[in-house]
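Just so you know, all these numbers are worked out from the coordinates, no wet-lab data involved. All figures in this text were calculated on a predicted structure; none of them were measured in a lab. Cβ sites come from the backbone with ideal geometry, for glycine too, and all protein chains shown count toward neighbours.
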């Protein structure tokens, strides 16, 4: 059991570190096309939602209900593409992975004797608990792609 937990931790480290590193290059904004829905969060936490217009080395332009606005690069904290909502996909993947992992771990650790007999019972219980944990984790995964994130100075 300890070996299995150690292996799970070793596999999780690259995934955690990959999730921690965000896009920090201003050049990533070249992937945006005029008219795409974006959200800009400034360093003072002001949010601007609208459609992407253009960007230069010094600023990014967005069109919202008040018209076109230009935000200086040094004031931009994050830029997110709002059209890539994958919340349901993340929820289903989290539930499936959690249920599979829970079933496997519980079946491996389950005693074949006692009040509830058989590893199948353990696998079913583990799948339910793991699926619930995966469901929660899947809803916490961000559903919008971060195109740019200012690096911490």
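So what is the diffusion coefficient of the range 32-83 in µm² per second by Stokes-Einstein at 20 °C and 1.002 mPa s, using a Kirkwood Rh over Cα pairs? Before the final figure, lay out each step's value.
Details: Rh = 10.7 Å.
In µm²/s, the coefficient is 201.
Were the residues from residue 89 through residue 151 laid out at 0.36 nm apart, the gain over their Cα-Cα distance would be 19.4 nm.
Grab the Cα-Cα distance for residue 44 and residue 57, subtract it from 0.36 nm times how many residues apart they are, and report the gain in nm with one decimal.
That pair, residue 44 and residue 57, stretches by 2.6 nm at full extension.
Taking 7 Å steps out from each Cα toward its Cβ at residue 70 and residue 97 produces label points 4.2 nm apart.
What is the extension gain from residue 121 to residue 140, computed as 0.36 nm multiplied by their sequence separation minus the C-alpha to C-alpha distance, in nm to one decimal? Walk me through the numbers on the way to the answer.
Values: separation 19, 0.36 × 19 = 6.84 nm, distance 2.91 nm.
Taking 0.36 nm per residue and subtracting the Cα distance, the gain is 3.9 nm.
Spacing of the modelled spin labels on residue 24 and residue 111, each 7 Å from Cα toward Cβ, amounts to 5.1 nm.
Cα centroid separation, the range 27-68 to the range 121-153: 28 Å.
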